[in-house]
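In what follows, a single structure is set out as structure tokens and then discussed.
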Amino acid sequence: MALLEVKELDVSLSTAMGPARAVRNLDIILEKGQTLGIVGESGCGKSMTALALMGLLPENGTTSGEILMNGEDLLVKSEKEMCKIRGNRMAMIFQEPMTSLNPVHTVGRQIMEPLRLHRGLSKKDAFTEAVNLMERVGIPNPSERVRNYPHQLSGGQRQRVMIAIALSCSPDILIADEPTTALDVTIQDQILELIQNLVKEEGMSLILISHDLGVIAENTDKVLVMYGGTVVESGATDQIFGNLTHPYTQGLFAAMPKLGMGRNGRLTTIPGTVPDLINLPTGCTFTDRCPLATSECRNTVPVAFSLEAAHKVSCHHLDQAIEARGEGLYK
Amino acid sequence: MSKTVLKVTDLVRHYPLPKESLFAAPKFVYALNGVSFEIKEGKSFGIVGESGCGKSTLARNVMALEETDSGSVQILGEEVVGKSFNELRPLRQHFQMVFQDPYGSLDPHHNVGRIVAEPLAAIGNLPKREKEERVAEVLSSVGLKPTDVGKYPHEFSGGQRQRIAIARALITRPELIVADEPVSALDVSVQAQVLNLLRDLQDSFGVTYMFISHDLAVVEYLCDEVAVMYLGSIVEKGRTEDLFAAPAHPYTGILLDAVPKPAAGKKRDRIRLSGSVTGQTEKRNGCAFQDRCPMVDDRCKRETPMLKEVSPDHFAACHFSKEMMARAASV
Amino acid sequence: MSSSSSQSFFARCTRSRSFVVGGTITAFLLLCAVVSLVWTPGEVYDISIKNRFLLPSAEHWFGTDLFGRDILSLLMAGTQNSITVGVVAVSIGLFAGVGLGLIASARRGWTEELIMRFSDFSFAFPAILSAIMITAILGPGGVNSIIAIGIYNVPVFARITRGTANAIWTREYVMAARASGKGKFRITMEHVLPNILSILIVQATIQFAIAILAEAALSYLGLGTQPPHPSWGRMLNEAQTLMFLQPMQAVYPGAAIALAVFGLNLLGDGLRDVLDPRLSRKR
């Protein structure tokens, strides 16, 4: 049995304009110790997926499907039961470390909180443990820093504190939603290395969410590429980056400026903008921007087709997409 | 030899910090410590560096949006520093700016026509018809419809908003556009559209860019020349291809290494930078990068390295630039 | 999305319950004031001692007061007075306060210090106390009480204007306007003021309610509207001595003041929802 198994997850948000279908028909299988990347642009549903897993959807959100953790369905759990799971068996770190820390409490107190709540440590033990954790996440002078307030730390250090909090109850799954987007590249490099090392040492599973193909390629075993609330391509990271197949994945990769490509080439662009989740096409969500789209794409949802082993692509025109690899779909 | 559009000489800007007490010695943030460079007509000059390196301060000083402490900024041979706001007004049609945040840089209460026409205030009273014609012309050159003039910013997506901001910068037909992180808030597929648009506009109007970014791949794609900044000084500058192929300053090398690469696979050996940017509020001897530099030596702590030519048109401020370049050549 | 911006304004208005209720109460009071200009059920200035303290009847719905005047007529005519006080006092505060606040925010430096310290200074006095002080200097009377309340409003608006305007000055679109060569005055008029207007309107409704209350209090103390002009505060004042003999005399003007203040506060709350597009989008 997989550690985490998500089956046909749907997330819908009710808005003034009608329901926004943030996530549709999502399947995830995550084994112990595995790292899974979810990549996509804004509005693709990657953050909503993370919030749904944590049971932290906004009030106007509704879910259907199953989220099985060790066989238990999290979606049927009460808020009280979810509180025991959150932070304890499943922890999350967010994009903006400034706003996810409480500015009026010391960082030490914020690390101690889950230790006392979930692990029932005494105040003294929790304090010692907090200092240990800060040392583990690489904050210099932890015994002094523990008394600092968030604004006294740099962005990278604040993110380390967030990781220390996430780590405090040795969760089985760590969900990192754009953990380095607000940071500089050199700091991003340090934080990603830290997460990698901790995941390995603790034997945790990691779900890493990012818009950056480079971050995903270097830090994950498996990848889901999401677009407009659905998974368009999934598989082992090497498979996907070795054989980009779905027209969207190909376009996304081609649109990204890459070091060493120089100024002679021209970036490929995907025409149009990300879809409006309220008025999605009935068929494939990428129809309006896809160079291969036909009326079939507009009307029927494509099923995931296995290319090799676990590499799955949801596209009606798979053969054409495979043929177009390398030479560029978007001319 | 083509003419020089922007010439910055020894620009200094120190921000006073709020005093801790009435009698405390005044403290400063040393944002710019003598920055010099020049940009030729029709070229793109990139400025890269991490947050806090002074690149946005440089943009505001070049745009004469704040007081400069000392140094000179010449646009088309006209001195900008020391001129009053009213004296500068007629000059402003020659240099315009594009901001980072497409949501914050457009007034939500103004329609597109009014936003785009705003810089025409610098030219004086144009007849209404000419204004409308110019707005329509500039909107179509950035790929928007002239009929969009009556719409408001919230009716557009992030990428389209950035097009509006670019149209606003173009309307006075400026020689120089200062772009401060113009694509970093955009999704990858939309970012490529805007980057290509900036290139096309340069081809058709011959406009010169001073392009500020933290993303090295974006700078490589767009810029002829690049300067790397660290703690308010330029540590390396030169032609983009030279500098990226053989960085002569360790900081540039580390920045280049830190960029995650989507095709590289998981294992990548590199020097990781430890710590984060410190020392913005102190003045001291030696190299600004000494705390984080892997090559640091006693000499670096005593002597401040000066920017010197290491190969034709390639400048670096490091005592070990020869070694750095030799290393790059041997790989 | 694009076609909905004008129609959604009304949709937002009707969706906000406090806007609907507050607006209805305010409109009702306005109607009373307008009607009372041309018609009241009884005479407002006619004193007839033999008709004093009549109980409510078909002729006098709310009965009569100690001078035999029709209470309903007095209340209706008092609405005029309250609305005049509110409009004039809020206008004084709005023009002077917003002006000072905008100048402080545009100029910064010592100008801002001076304006803000001055408003701190006037804030240090309780509102009623400063109004009493001003009427004591200028002498009691309707106009003077309005001026007193108006002056009290100036620092209130100056503070809120300066605070919100400072936030607007840091926006990138203001930077863009400066890069276009626009001066501080033009930026204030074109960018800053439109973007803080909704907050000022909401504050104005609240100050309006406070002004009505303050006028009532001043009149109650005998410093506001002078007899024989009708005012809710004076009605309360006159009823006070009869508290145990004729308790209902105090209830009517008291209820009128409460209703006006309640209505205006609700309207302010509702306007906040209606005018702030960010709040309405979430609903």
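Points worth noting:
- Single residue of region C:184-232 satisfying the filter (of a type in the set (F, W, Y) and either more than 14 Å from chain B (Cβ to nearest Cβ) or at positive phi (or both)) that is nearest to the chain's Cα centre (by Cα): C:F208
Yes/no matrix, rows are residues, columns are (1) farther than 17 Å from A:G43 by Cβ; (2) at pLDDT 90 or above; (3) open to solvent by less than 30 Å² (accessible area, probe 1.4 Å):
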| site | (1), (2), (3) |
| --- | --- |
| A:S210 | no, yes, yes |
| A:T220 | yes, yes, yes |
| A:Y227 | no, yes, yes |
| A:V232 | no, yes, yes |
| A:A236 | yes, yes, no |
| A:L267 | yes, no, yes |
| A:T273 | no, no, no |
| A:L280 | no, no, no |
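- Of all the residues in region B:217-235, those that are within 10 Å of B:G46 (Cα to Cα), out of contact with any Pro (no Cβ under 9 Å at 6 or more places or on another chain) and either among the β-branched types (V, I, T) or open to solvent by 10 Å² or more (accessible area, probe 1.4 Å) (or both) number 3.
- B:R129 among the charged types (D, E, K, R), without any contact (Cβ under 8 Å) to a residue 24 or more places away in the chain, within 9 Å of chain C (Cβ to nearest Cβ) and open to solvent by 50 Å² or more (accessible area, probe 1.4 Å): no
- Complete set of residues in region A:136-188 that are among the acidic types (D, E) and modelled with pLDDT of 90 or more: A:D172, A:D177, A:E178
- Considering A:S47, A:S42, the condition of being out of contact with any strand residue (DSSP E or B) (no Cβ under 7 Å at 6 or more places or on another chain) and under 16 Å from A:V225 (Cβ atoms) is satisfied by A:S42 alone.
- Yes/no for B:L106 being buried (at least 22 other Cβ atoms within 10 Å of the Cβ) and facing chain C (nearest Cβ under 8 Å): yes
- Within region A:193-237, tally of residues that are in contact with a helix residue (DSSP H, G or I) (Cβ under 9 Å, 6 or more places away or on another chain) and of a type in the set (K, R): 1
- Answer residue from region B:78-103, given it is touching a strand residue (DSSP E or B) at 6+ places or on another chain (Cβ under 9 Å) and not in a loop (DSSP other than H, G, I, E, B) and is farthest from the other protein chains (Cβ to nearest Cβ) among those: B:E79
- Every residue from region A:1-10 that is in contact (Cβ under 8 Å) with a residue 60 or more places away in the chain and either out of contact with any Asp or Glu (no Cβ under 9 Å at 6 or more places or on another chain) or buried (at least 21 other Cβ atoms within 10 Å of the Cβ) (or both): A:M1, A:L4, A:V6
- When region B:1-24 is limited to residues that are aliphatic (A, V, I, L, M) and either open to solvent by 80 Å² or more (accessible area, probe 1.4 Å) or not in a loop (DSSP other than H, G, I, E, B) (or both), the one that is nearest to B:V73 (Cα to Cα) turns out to be B:V8.
- Hey, C:G183 surrounded by fewer than 23 Cβ atoms within 10 Å (Cβ to Cβ) and without any contact (Cβ under 8 Å) to a residue 12 or more places away in the chain or not: yes
- Test for C:L75: is it open to solvent by 30 Å² or more (accessible area, probe 1.4 Å) and over 30 Å from A:A16 (Cβ atoms): no
- Residue check for A:M90: surrounded by 14 or more Cβ atoms within 10 Å (Cβ to Cβ) and in contact (Cβ under 8 Å) with a residue 40 or more places away in the chain: yes
- Candidates B:R168, B:R114, B:R161, filtered to the one that is touching a residue at least 40 places away in the same chain (Cβ under 8 Å), assigned to a helix (DSSP H, G or I) and facing another protein chain (nearest Cβ under 9 Å): B:R168
- Residue in region A:41-56 that is farther than 20 Å from A:S205 by Cα and more than 15 Å from the chain's Cα centre (by Cα) present: no
The values are calculated or read from the model by the stated rules, or taken from the named source; none is laboratory data. Quantities reported herein were computed from a predicted structural model and do not represent experimental measurements. All Cβ positions, glycine included, derive from the backbone under ideal geometry; neighbour counts span all protein chains shown. When the accessible area is computed, the model is the full protein with side chains, heavy atoms only, and any ligands, DNA or RNA have been set aside. Shrake-Rupley method; radii C 1.70, N 1.55, O 1.52, S 1.80 Å.
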